[in-house]
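Colleague: Pasting in a structure now, in structure tokens, and then I'll have a few things to ask.
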Amino acid sequence: MSEPITALRARETHGSVQISDAGLRGMITLRGDLSKMKAVCKDFGVAVPGMREALFKSDAGVLWMSPDELLILLPYGDVPDALGKIAKAQKGQHHLAVNVSDARALLRVEGPFAREVIAKLAPVDLHADAFAPGQVLRTRLGQIAAAFWMTDARTFHVICFRSVADYAFDLLAASADAGPVGHFARGT
């Protein structure tokens, strides 16, 4: 049996903002009535996230992706057990739980100008008053669909399809190489 590998095979850049492969990560897409997913989220140590919320407890997290969809992040090897727990917690409830770990790539963007690197590529308001740690957005980066969240003021995590991981990495690296763009203030 072959060993799982990331799409980016540990690629990274160096500079004031670093772009890096965040490694293998378990990811489960869970669709259904979010009001009936309290037991599932409790298994991961968090409440059901509200709109645009990313909640984490140690090495697991639950991200709100849409009014009927959550993305669960956990250690890669824990996915089979987690799917069993989800099936048990959701027994009798209409739901869909799918392991998407190998269909997605996870990148980290870290540094003092990480917000500007993402802002140059995404058609959303990333001012600190509009987007802060603990929030998640599903949008586009350049020409690809992506989602991202912040863990702190200097660190973004970006999820995209595995098939476009190299494009996402190169796009983020080019944005980081270009440097920050002026002041990041409302109205400027």
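Colleague: Limited to the stretch 11-40, what total is found for residues that are more than 26 Å from residue 169 (Cα to Cα) and not hydrophobic (A, V, I, L, M, F, W, C)? Spell out how you get there, then give the answer.
Modeller: Just the residues of the stretch 11-40 that are more than 26 Å from residue 169 (Cα to Cα), to begin with: 30-40.
Now narrow it down to the ones that are not hydrophobic (A, V, I, L, M, F, W, C): 31-33, 35-36, 38.
Number of matching residues: 6.
Colleague: If you don't mind, there's one more thing I want to ask. Need pairs with beta-carbon distance below 6 Å; first residue more than 20 Å from residue 81 (Cα to Cα) and within the stretch 32-44, second modelled with pLDDT of 95 or more and surrounded by 15 or more Cβ atoms within 10 Å (Cβ to Cβ); sequence gap 6+ or separate chains.
Modeller: Sorted first by the residue in the stretch 32-44, then by its partner, the pairs are 34/48.
Colleague: Of all residues being more than 16 Å from residue 26 (Cα to Cα) and among the acidic types (Asp, Glu) in the stretch 59-96, which is surrounded by the most Cβ atoms within 10 Å (Cβ to Cβ)? Just the residue, please.
Modeller: Residue satisfying both the conditions and the ranking: 69.
Colleague: Right, here's the next one. List every residue pair whose Cβ atoms lie under 9 Å apart, where the two residues are 6 or more positions apart in sequence or sit on different chains, the first residue falls within the stretch 149-173 and is touching a residue at least 60 places away in the same chain (Cβ under 8 Å) and surrounded by fewer than 22 Cβ atoms within 10 Å (Cβ to Cβ), and the second residue, located anywhere, is assigned to a helix (DSSP H, G or I) and charged (D, E, K, R).
Modeller: Listed by first residue and then by second, the contacts come to 162/102.
Colleague: Of the residues 147, 165, only one is at pLDDT 95 or above, within 16 Å of residue 62 (Cβ to Cβ) and among the aliphatic types (A, V, I, L, M); which? First the steps, then the outcome.
Modeller: Details: 165 fails: within 16 Å of residue 62 (Cβ to Cβ).
None of the others qualify; the one that does is 147.
Colleague: Given the options 31, 52, name the one that is in contact with an Asp or Glu (Cβ under 7 Å, 6 or more places away or on another chain) and modelled with pLDDT of 95 or more.
Modeller: 31
Colleague: Scan 87, 105, 54 and give me the residue that is of a type in the set (A, V, I, L, M, F, W, C) and without any contact (Cβ under 8 Å) to a residue 12 or more places away in the chain.
Modeller: 87
Colleague: Can you work out which of the residues in the stretch 102-129 that are surrounded by 19 or more Cβ atoms within 10 Å (Cβ to Cβ) and in a helix (DSSP H, G or I) is farthest from the chain's Cα centre (by Cα)?
Modeller: 116
Colleague: Any chance the stretch 168-181 includes a residue that's under 22 Å from residue 10 (Cα atoms), part of a loop (DSSP other than H, G, I, E, B) and of a type in the set (A, V, I, L, M)? Step through it out loud before you land on a result.
Modeller: Filtering the stretch 168-181 down to residues under 22 Å from residue 10 (Cα atoms) leaves 168-177.
Next cut, part of a loop (DSSP other than H, G, I, E, B) only: none.
Taking every residue of the stretch 168-181 in turn, none turns out to be under 22 Å from residue 10 (Cα atoms), part of a loop (DSSP other than H, G, I, E, B) and of a type in the set (A, V, I, L, M).
The values are calculated or read from the model by the stated rules, or taken from the named source; none is laboratory data. Source: prediction; values computed, not measured. Cβ atoms come from the backbone with ideal geometry, glycine included; neighbour counts cover every protein chain shown.
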